[in-house]
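Enquirer: Below you will find the structure I want to go over with you.
The values are calculated or read from the model by the stated rules, or taken from the named source; none is laboratory data. A quick note: this is a predicted structure, and the numbers were derived from the prediction, not measured. Note: ideal-geometry Cβ built from the backbone for every residue, glycine included; neighbour counts use all protein chains shown. Keep in mind that these areas ignore ligands, DNA and RNA; they rest on the heavy atoms of the full protein, side chains included. Shrake-Rupley method; radii C 1.70, N 1.55, O 1.52, S 1.80 Å.
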Amino acid sequence: MNLPKELKYSEEHEWVRVEGNKAYIGITDFAQSELGDIVFVELPELGSSVSQNETFGSVESVKTVSELYAPVSGKVIEVNGELESSPELVNESPYEKAWMIVVEMTNPGELDNLLSAEEYEKHISED
């Protein structure tokens with residue numbers, strides 16, 4: 001399983017890549033493999049606000065619909081529109097092509113509530 005060390009992870013299986021005050025957010029390789037083939041991704045509107053641990057969208061697979069939880073709070077400044085026509089990118093490239101939203105963080109200190117790659121690996125092995 002692919003768990004890039006430079007990312008932060010939530011217990012709800014989202015990842016965060018931080019670039020300055022921007023947080024790129026997507027779902028983990030573990031999450032997409034558990035869900036199976038992704039057929040639809042619902043994401044928030046550009047300019048909307050998200051709050052840590054609150055839902056910001058959903059991912060629908062052939063098995064189920066799963067809520068997406070914001071790992072950090074802030075304003076949505078980019079939405080990956082490519083996922084609308086190509087939701088399978090979540091399965092093929094969860095960390096590179098299938099980032100879901102970019103958030104301008106309002107409280108970067110929230111990153112301290114997230115897990116390192118090692119902590120996340122331990123978390124999923126306990127499930």
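Enquirer: Just the residues that are in contact with a Phe, Trp or Tyr (Cβ under 8 Å, 6 or more places away or on another chain) and of a type in the set (A, V, I, L, M), please, taken from the range 47-75.
Expert: V50, V59, L68, A70
Enquirer: Quick check on this structure: which one of E96, E60 is in a loop (DSSP other than H, G, I, E, B), of a type outside the set (V, I, T), open to solvent by 40 Å² or more (accessible area, probe 1.4 Å) and at pLDDT 95 or above? Walk me through how you get there before you give the answer.
Expert: Working: E60 fails: in a loop (DSSP other than H, G, I, E, B).
That would be E96, the only listed residue that is in a loop (DSSP other than H, G, I, E, B), of a type outside the set (V, I, T), open to solvent by 40 Å² or more (accessible area, probe 1.4 Å) and at pLDDT 95 or above.
Enquirer: Please go through the range 99-127 and pick out each residue that is small (G, A, S) and open to solvent by less than 50 Å² (accessible area, probe 1.4 Å). Before you say what the answer is, go through the steps one by one.
Expert: Of all residues in the range 99-127, those small (G, A, S) come to 109, 116-117, 125.
Matches in the range 99-127: G109, S116, A117.
Enquirer: Can you find a residue that is open to solvent by less than 80 Å² (accessible area, probe 1.4 Å), aromatic (F, W, Y) and within 17 Å of V103 (Cβ to Cβ) anywhere in the range 24-35? Let's see the steps before the verdict.
Expert: Quick first cut of the range 24-35, residues open to solvent by less than 80 Å² (accessible area, probe 1.4 Å) only: 24-33, 35.
From the residues that got through so far, the ones that are aromatic (F, W, Y) too are 24, 30.
From the residues that got through so far, the ones that are within 17 Å of V103 (Cβ to Cβ) too are 24.
Taking every residue of the range 24-35 in turn, at least one turns out to be open to solvent by less than 80 Å² (accessible area, probe 1.4 Å), aromatic (F, W, Y) and within 17 Å of V103 (Cβ to Cβ).
Enquirer: What is the residue count in the range 79-105 for residues that are over 15 Å from W15 (Cα atoms) and either aliphatic (A, V, I, L, M) or touching a His at 6+ places or on another chain (Cβ under 9 Å) (or both)?
Expert: Number satisfying all stated conditions: 3.
Enquirer: Within the range 36-57, track down each residue that is over 20 Å from L114 (Cα atoms) and either of a type in the set (S, T, N, Q) or crowded, with 21+ Cβ neighbours inside 10 Å (or both).
Expert: Step one: of the range 36-57, the residues over 20 Å from L114 (Cα atoms) are 36-48.
Selection gives I38, V41, S48.
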